[in-house]
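The structure appears right after this line, and notes come after that.
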Amino acid sequence: ADATYYRNRQPSRGEMVVYIHPKQPGEQITRRVVAVEGDRIAVKGGRAIVNGMAVMEPYVDVGDPKTAHNNMPETRVPAGHIFVLGDNRANSPDSRAAAAHGPVPVTNLIGRATDIAISRYLARMGRWIGTPSNL
């Protein structure tokens, strides 16, 4: 991860970030930024809907789209926060769980993830993941 990236930049949708868990300060997590402050975000069938538009997410594994975890009513991302979702939506603690995780304060960002070091899919190892256009 690039620990200097957010010194002079704000997070953008699609970036993979490393951050300090908002409810468990000792834990560091990597998730994808799906919405930034002021955005309206909903999750339907495991897919992100940002500001009323479905997000193209070819990398997402939603699991069972009918589970409560994969369906969330629209909410607005508070100022100074980002909304993160895991690419493995069926097994990812992320901003959908308001009480256990919730939106992430921008001040909790450690850096932007840049490369895949280990994956069960060998073809993904070593690939750049800085932005969705480079998947």
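Just so you know, in the stretch 22-41 the residues that are within 13 Å of the chain's Cα centre (by Cα) and more than 22 Å from ASP115 (Cβ to Cβ) include one that is most open to solvent (accessible area, probe 1.4 Å), and it is VAL36. Keeping to the stretch 88-101, report how many residues are at pLDDT 95 or above and either among the hydroxyl-bearing types (Ser, Thr, Tyr) or under 24 Å from PRO58 (Cα atoms) (or both). The qualifying residues number 3. Residues of the stretch 54-66 that are open to solvent by 60 Å² or more (accessible area, probe 1.4 Å), over 18 Å from GLU15 (Cβ atoms) and among the aliphatic types (A, V, I, L, M): ALA54 alone.
Of the numbered criteria (1) surrounded by fewer than 13 Cβ atoms within 10 Å (Cβ to Cβ); (2) touching a Lys or Arg at 6+ places or on another chain (Cβ under 9 Å), the one ARG7 fails is (2).
State yes or no: is ALA1 free of Cβ contacts under 8 Å to residues at least 40 places away in the same chain and hydrophobic (A, V, I, L, M, F, W, C)? It is false that ALA1 is free of Cβ contacts under 8 Å to residues at least 40 places away in the same chain and hydrophobic (A, V, I, L, M, F, W, C). Summed over the stretch 72-93, residues that are closer than 15 Å to ALA113 by Cβ and either surrounded by fewer than 21 Cβ atoms within 10 Å (Cβ to Cβ) or of a type outside the set (Val, Ile, Thr) (or both) total 5.
The values are calculated or read from the model by the stated rules, or taken from the named source; none is laboratory data. These numbers come from a predicted model, not from an experiment. Glycine gets a Cβ as well: all are built from the backbone with ideal geometry, and neighbour counts include every protein chain shown. Just the protein is used for accessible areas: all its heavy atoms, side chains included, with ligands, DNA and RNA removed. Shrake-Rupley method; radii C 1.70, N 1.55, O 1.52, S 1.80 Å.
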